[in-house]
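The values are calculated or read from the model by the stated rules, or taken from the named source; none is laboratory data. Source: prediction; values computed, not measured. All Cβ positions, even for glycine, are placed from backbone atoms using ideal geometry, and neighbour counts span all protein chains on display.
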Amino acid sequence: MRRLLLLLCLSLITWMAWAEDAPRILLIGPPGAGKGTQARYLSEKYHLSHISTGDILRENRKQGTELGKQAASYMDSGKLVPDELIVTMVAEKLTGDGGFVLDGFPRSETQAQLLDGMLTKVGHPINSVILLDVADGDLVERLSLRRSCPTCQRTYHLKSNTPKKAGLCDVDGTALIQRPDDKEDGQTQRKTRPGSFGRDRVCGAR
């Protein structure tokens, strides 16, 4: 059933890609569901912009943009970046008529309302939403075995997507790390801590 649903979603996106209306896709699901992986696949296959708030935050901060400086003031003090600032950064990436896939954004009702208003204003509302629904047990295994590159943010899995050299990133050779909230105790805290699930944090969005 899950494979059939995925095929139907891909068929819909293929039809939209050939239609006048470009695909504007929102991927939603819990951490570890595979949003980043599927977003990269869809963006490459259908030539869509891949919009990840974590990447946008890091890019603006690295380039020293005005928005990046504002975000850094919150990130450096351990605070959440305000929804308005996040949406403004995303808006800069969604100019033009091209299609896009949103990876794990919006992450709150406020962000969703701001994004909807912004996209409606420019005449490019979301036209496809895909929910990645994964069993809790599978999520725990995925997150527990996930490793990340702290430099380029590329992710690996110790079973299904291992690096060429154990413990090192394929792209830049940096030693891979396990995020604190990817550990089983961190996952439990994230589930039981109100308002903490899926919010933008210091390390950026997943």
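Side notes on the structure shown:
- Scanning region 60-83 for residues that are surrounded by 11 or more Cβ atoms within 10 Å (Cβ to Cβ) and touching a residue at least 12 places away in the same chain (Cβ under 8 Å) gives ASN60, ARG61, LEU67, GLN70, ALA71, MET75, LEU80, VAL81, ASP83.
- For the condition farther than 23 Å from TYR46 by Cβ and assigned by TED's automatic domain parsing to the domain that holds THR53, LEU80 qualifies.
- So GLY78, is it farther than 19 Å from ALA91 by Cβ and at pLDDT 85 or above: no
- Some residue of region 171-182 being assigned to a helix (DSSP H, G or I), touching an Asp or Glu at 6+ places or on another chain (Cβ under 8 Å) and more than 26 Å from LEU48 (Cα to Cα): no
- The sole residue among LEU143, LEU114 that is outside the structural domain of PRO30 (by TED's automatic domain parsing) and not in a loop (DSSP other than H, G, I, E, B) is LEU143.
- Conditions (1) modelled with pLDDT under 85; (2) assigned by TED's automatic domain parsing to the domain that holds LYS164; (3) assigned to a helix (DSSP H, G or I): number failed by ALA91: (2)
- Here VAL129 fulfils each of the conditions (1) under 20 Å from ARG107 (Cα atoms); (2) among the hydrophobic types (A, V, I, L, M, F, W, C); (3) in a helix (DSSP H, G or I) apart from (3).
- Residue within region 104-123 that is touching a His at 6+ places or on another chain (Cβ under 9 Å), under 22 Å from TYR46 (Cβ atoms) and in contact (Cβ under 8 Å) with a residue 40 or more places away in the chain present: no
Here is a yes/no grid of residues against (1) crowded, with 18+ Cβ neighbours inside 10 Å; (2) modelled with pLDDT under 85:
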position: ASP97; (1), (2): no, yes
position: GLN111; (1), (2): yes, no
position: ASP136; (1), (2): no, no
position: CYS149; (1), (2): yes, no
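- Yes/no for LEU143 being surrounded by 14 or more Cβ atoms within 10 Å (Cβ to Cβ) and in contact (Cβ under 8 Å) with a residue 60 or more places away in the chain: yes
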